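Q: Pasting a structure here, questions to come.
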Amino acid sequence: MQNPNFRLKVEEDADVEDIDLIAKLGFDAYRFSISWSRIFSDGLGTKINDEGITFYNNIINSLLERGIQPYVTLYHWDLPLHLHETMG
């Protein structure tokens, strides 16, 4: 989520509150990007960050529970520094 300026609190459940707002506004779809560094903390894809997987599972499940179709972008200009430095 983007943590917009109008957000009153930034805590673990803040993203779920954002999803509640999306549902309240009547949206039926939501696109978001997956951050490589949240999933692969080593930047190589060899060490999976379970907390990152849980974070995105919670977002996807929360969207589906509210009848909102998630659309996931796997790459949105978020390249780990190590990959950029070694592979360009």
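Q: Under the condition of being modelled with pLDDT of 90 or more and charged (D, E, K, R), which residue from the range 14-35 is surrounded by the most Cβ atoms within 10 Å (Cβ to Cβ)?
A: Looking at the filtered set, the residue picked out is 20.
Q: How many residues does the range 49-61 contain that are out of contact with any helix residue (DSSP H, G or I) (no Cβ under 7 Å at 6 or more places or on another chain) and over 21 Å from residue 20 (Cα atoms)?
A: Of the residues in that region, 2 qualify.
Q: Then there's this: Within the range 36-69, can you find the residues that are over 18 Å from residue 84 (Cβ atoms), loosely packed, with under 13 Cβ neighbours inside 10 Å and among the hydroxyl-bearing types (Ser, Thr, Tyr)?
A: The one that is over 18 Å from residue 84 (Cβ atoms), loosely packed, with under 13 Cβ neighbours inside 10 Å and among the hydroxyl-bearing types (Ser, Thr, Tyr): 54.
Q: Hey, another quick one. Is there a residue being more than 23 Å from residue 25 (Cβ to Cβ), charged (D, E, K, R) and either outside any helix (DSSP H, G or I) or touching a strand residue (DSSP E or B) at 6+ places or on another chain (Cβ under 8 Å) (or both) anywhere in the range 65-87?
A: Within the range 65-87 (the criterion being more than 23 Å from residue 25 (Cβ to Cβ), charged (D, E, K, R) and either outside any helix (DSSP H, G or I) or touching a strand residue (DSSP E or B) at 6+ places or on another chain (Cβ under 8 Å) (or both)), the answer is yes, since at least one residue qualifies.
Q: When you scan the range 18-38, how many residues do you find that are farther than 15 Å from residue 78 by Cα, touching a strand residue (DSSP E or B) at 6+ places or on another chain (Cβ under 9 Å) and not small (Gly, Ala, Ser)?
A: Qualifying residue count for the region: 5.
Q: Quick one: how many residues across the range 62-73 are under 15 Å from residue 34 (Cβ atoms) and either modelled with pLDDT under 70 or out of contact with any helix residue (DSSP H, G or I) (no Cβ under 9 Å at 6 or more places or on another chain) (or both)?
A: So the answer is 2.
Q: Just to be sure I understand, how many residues within the range 19-40 are of a type outside the set (Lys, Arg) and either touching a Cys at 6+ places or on another chain (Cβ under 7 Å) or in a helix (DSSP H, G or I) (or both)?
A: 8
Q: Specify the residue that is modelled with the lowest pLDDT; the eligible residues are those in the range 36-61 that are under 12 Å from the mean Cα position of the chain (by Cα) and of a type in the set (Phe, Trp, Tyr).
A: If we take residues in the range 36-61 being under 12 Å from the mean Cα position of the chain (by Cα) and of a type in the set (Phe, Trp, Tyr), then 36 is modelled with the lowest pLDDT.
The values are calculated or read from the model by the stated rules, or taken from the named source; none is laboratory data. Bear in mind that the values here come from a model prediction, so they are computed numbers and not experimental data. We place every Cβ from the backbone using ideal geometry, glycine too, and count neighbours over all the protein chains shown.
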